[in-house]
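Here's the structure we're looking at; comments come further down.
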Amino acid sequence: MTIKQNLNAIKQTLPEHVTLVAVSKTKPVSDLMEAYTTGQRIFGENKIQEMADKYEEMPKDITWHMIGHVQRNKVKYMAPFVSLIHGVESFKLLKEINKQALKHDRVIDCLLQIKIADEDSKFGMTPKEASDILQSEDFSALKNIKINGVMGMATFTENTNQIEKEFKFLKSTFEDLKGLNTQNCQLHTISMGMSGDYKLAIDCGSTMVRVGSSIFGSRNYN
């Protein structure tokens with residue numbers, strides 16, 4: 001199957017309220033352009049430098065999502081153009097994003113990454129940490145970021161019951177945080193679900209799925 005066929009097949013399975021992020025990390029611009037000519041406009045990358053290089057080369061009506069772990073010292077490279085940062089896991093990172101957004105006279109949308117998996121390798125904050133940040137005075141002083149929702153990565157396992165439990169935990173965390181009604185925070189996005197489990201994620205309340213290999217084929221990390 002071609003990228004175009006893969007993309008069209010996936011889009012037919014998605015409800016209207018679910019946004020598809022085409023995860024294009026490690027893939028060449030030619031592959032992204034094939035998805036682009038099929039109508040895809042939202043691309044997700046997990047390395048800031050790679051995303052910045054692709055941004056320079058590709059059409060400017062593309063919406064770029066940073067889906068990987070973010071190092072604070074690299075925020076400045078994506079601040080001029082990034083549309084949504086999925087993996088915000090600390091207040092320090094929020095402050096840095098705010099600082100760099102201010103330099104470009106922008107408001108950058110962010111998702112708080114909640115740790116829902118059992119694995120130590122997954123990043124994220126606890127629901128309580130997220131709640132404390134959103135209710136703090138320090139947070140309300142940040143005028144150049146906006147929290148749009150939450151993101152989570154399930155445990156890498158074949159156990160569907162466990163994945164479902166983790167997805168439902170993220171959904172309930174989202175509902176709890178939504179009830180806080182704080183400034184610079186309008187929660188409407190739950191980013192969860194990837195190639196292997198996005199249908200289950202949607203059933204559990206996901207409004208944004210991050211799909212890569214099912215569109216572009218398996219990755220070569222060499």
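Which of the GluC sites (Glu not before Pro) across the stretch 9-73 are loop residues per DSSP, with 15 or fewer other Cβ within 10 Å? Write out the running numbers ahead of the final one.
Working: sites: Glu16, Glu34, Glu45, Glu50, Glu56, Glu57; in loops: Glu16.
For GluC sites (Glu not before Pro) across the stretch 9-73 that sit outside H, G, I, E and B with at most 15 neighbouring Cβ atoms in 10 Å, the list reads Glu16.
Need the full-extension length gain, Leu200 to Lys146, defined as separation in residues times 0.36 nm minus the C-alpha distance. One decimal, nm. Mind dumping the intermediate values first?
Numbers: separation 54, 0.36 × 54 = 19.44 nm, distance 2.78 nm.
Residue separation times 0.36 nm, minus the Cα-Cα distance, leaves 16.7 nm.
Could you list the square roots of 5 times each eigenvalue of the Cα gyration tensor of the stretch 87-133, that is, the equivalent ellipsoid semi-axes, sorted largest first and rounded to whole Å?
24, 11, 8
Could you give the semi-axes, largest first, of the ellipsoid that matches the stretch 140-198, computed as the square roots of 5 times the alpha carbon gyration tensor eigenvalues and rounded to whole Å? The partial results should precede the final answer.
On the way: eigenvalues 149, 28, 11 Å².
Semi-axes (√(5λ), whole Å): 27, 12, 7.
Based on the Cα gyration tensor of the stretch 92-222, what are the three equivalent ellipsoid semi-axes, each the root of five times an eigenvalue, rounded to whole Å and given largest first? List each step's numbers first, then the result.
Values: eigenvalues 150, 66, 33 Å².
Each semi-axis is √(5λ); the values are 27, 18, 13 Å.
Counting alpha carbon pairs within less than 8 Å and at least 6 residues apart, what relative contact order, in whole percent, applies to the stretch 3-216? Let's see the in-between values first.
On the way: 400 pairs, mean separation 41.9, N = 214.
Once divided by the residue count of the stretch 3-216, the mean separation gives 20 percent.
Take the alpha carbon atoms of the chain, find their radius of gyration, then divide it by 2.2 N^0.38 Å using N residues; give the quotient.
Details: Rg = 16.8 Å, N = 222, 2.2 N^0.38 = 17.1 Å.
My calculation over the Cα atoms of the chain gives 0.98.
Please give the direction-averaged projected area of the C-alpha convex hull for the stretch 1-55, in square nanometres with one decimal.
Details: hull surface 16.0 nm².
Computing the convex hull of the Cα atoms and averaging its projections yields 4.0 nm².
Please enumerate, by chain and number, the aspartates and glutamates with C-alpha under 12 Å from the C-alpha of Lys199, excluding those fewer than 8 residues away in the same chain.
Qualifying aspartates and glutamates at Cα under 12 Å: Glu164.
What's the exposure ranking of Phe167, Phe91, going from fewest to most Cβ atoms within 10 Å? Can you show the working numbers first?
Numbers: Phe167 24, Phe91 16.
With the sparsest Cβ surroundings first, the list reads Phe91, Phe167.
For the stretch 1-122, report the convex hull volume of the alpha-carbon atoms normalised per residue, in Å³, without decimals.
Taking only Cα atoms, the stretch 1-122 has a hull volume of 137 Å³ per residue.
Quick note: the coordinates plus some simple rules give every number you see, no bench work behind them. Quantities reported herein were computed from a predicted structural model and do not represent experimental measurements. Reconstructed Cβ throughout: ideal geometry from the backbone, glycine too, with neighbour counts over all protein chains shown.
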